[in-house]
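One structure is given here, and the rest of the page talks about it.
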Amino acid sequence: MAKLNENYLNLKESYLFSEIAHRVEKYSTANPDKKVIRLGIGDVTLPIGSTMIHALHEGVDAMASSDSFKGYGPERGYDFVRNAIVEYYGRNGVSVEADEIFVSDGAKSDTGNITDLFDKDNIVMVPDPVYPVYVDTNTMDGRNIIYIDANVENNFLPMPDKNVHADIIYLCSPNNPTGATYSKEQLKEWVDYALLNDAIILFDSAYEAFITDESLPRSIFAIEGAKKCAIEFCSLSKTAGFTGTRCGYTVVPKELTITASNGTVMSLNAMWNRRQSTKFNGVSYIVQKGAAAAFSKEGMAQSRENIKFYQENAKIIADTLAKKNIRFFGGINSPYIWFECPNGMDSWAFFDYLLENAQVVGTPGAGFGKNGQKFFRLTSFGNRENTIEAMERIEKLLSK
Ligand SMILES: Cc1ncc(COP(=O)(O)O)c(C=O)c1O
């Protein structure tokens, strides 16, 4: 008889977005004349820039003739993409090498799949609130998870506690859902903690392109010592509008090693290469053509315009909350605005209140962990008209 991976019994139901959809549908069916504005989901809405679109077309055309046709590609991704990524890091003052970069179909897969490299008996540390993928993928493997509190007291940027040991640490900066972003000094403390504990930091940098404050690190590799203890996950989803096109990349430094129980020193770069070449057959040439264009000067400038547009939406949201004296986090170096529900309301109660009285949909903080219980997430990925209208409705509602 086939036996289950019984760790799946320990997964919490994936409840957040299905419950939101259910409540919105119920409300819309009962109130068909009401226009509901959705600022809940973390997906981009603006089209991909013309430089990337042109390159994607070139990729398609290459498939049409035998002299330019491409079949299976190199396992870590085409050189032209990896070299473009090396240059991109270089422009941000960080040195990485092309053979430390692995092109993938996105940061969600890589942050999940990386768990293949680690034994079940590691202690995994995740912040609460958290992007649920880190928790669910480790639960699927039966790993022990410890939570560190991200809250108002620490500006949603928890710092290491020298009395608590972890083997694997997930950090996400700029953060989903809170929008909080670590400074270089704070990340240095995490790197020092990881080195002291022989731990590995899994650093999710999916929102680095939203950083506007030049003093904030866009990569953990801007921190001395990080190459000995960190892996970085990046994505073109929010950077260049590739949420549907699918492309990301992971940086695994060659210096990063773990000693096996028999004393063999293993390179995580070599292990990840082995894992990917066994279980993954790469990103299509067409998408990689588009990805390389996203790192070109013109491509970057176009994506920057889209990000600027989302940042203006974020400012509209932030200004309204500030006007109503609501404490919020994020929104400056991040597409997410995370705020305290008014009058100490529970986040699901506030969700219903907002839906029923302003027809605006956000994401209840409770869906990201216990510390989100009284918080709410709005995203800046909506269109301008809807963002303005939603905030006018919220302002009016909270003035009553
Ligand atoms: C923190 C974080 N990491 C990773 C991802 C997934 O990125 P990708 O689209 O590259 O899989 C998301 C998407 O919402 C995210 O919020």
From the set of residues in the stretch 355-365 that are part of a helix (DSSP H, G or I) and within 18 Å of Asp33 (Cβ to Cβ), which is most open to solvent (accessible area, probe 1.4 Å)?
Glu356
Residue hits (the stretch 16-56; exposed (fewer than 13 other Cβ atoms within 10 Å of the Cβ) and assigned to a helix (DSSP H, G or I)) are Ser18, His22, Glu25, Lys26, Thr29, Ala30, Ser50
In the stretch 136-172, what count of residues is obtained for those that are over 12 Å from Asp121 (Cα atoms) and in a loop (DSSP other than H, G, I, E, B)?
13
Of the criteria (1) over 30 Å from His54 (Cβ atoms); (2) touching a residue at least 60 places away in the same chain (Cβ under 8 Å); (3) assigned to a loop (DSSP other than H, G, I, E, B); (4) of a type outside the set (Ser, Thr, Tyr), which one Glu214 fails:
(2)
Does Asp167 satisfy the condition of being surrounded by fewer than 23 Cβ atoms within 10 Å (Cβ to Cβ), in contact (Cβ under 8 Å) with a residue 40 or more places away in the chain and over 25 Å from Ile101 (Cα atoms)?
no
Residue ID - surrounded by the fewest Cβ atoms within 10 Å (Cβ to Cβ), chosen from residues in the stretch 221-262 that are of a type in the set (D, E, K, R) and more than 16 Å from the ligand (Cβ to nearest atom)
Glu224
Does the stretch 173-180 contain any residue that is hydroxyl-bearing (Ser, Thr, Tyr), more than 13 Å from the chain's Cα centre (by Cα) and either open to solvent by 10 Å² or more (accessible area, probe 1.4 Å) or more than 23 Å from Val103 (Cβ to Cβ) (or both)?
no
Considering only the stretch 129-151, I want to know if a residue exists there that is outside the structural domain of Ile332 (by TED's automatic domain parsing), of a type in the set (Lys, Arg) and touching a strand residue (DSSP E or B) at 6+ places or on another chain (Cβ under 8 Å).
yes
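The values are calculated or read from the model by the stated rules, or taken from the named source; none is laboratory data. Bear in mind the structure is a predicted one, so any value in this text is a computation, not a measurement. Neighbour counts are summed over all protein chains in view; Cβ atoms, including those assigned to glycine, are modelled from backbone coordinates with ideal geometry. What goes into the accessible areas is simple: the full protein's heavy atoms, side chains included, and nothing from ligands, DNA or RNA. Shrake-Rupley method; radii C 1.70, N 1.55, O 1.52, S 1.80 Å.
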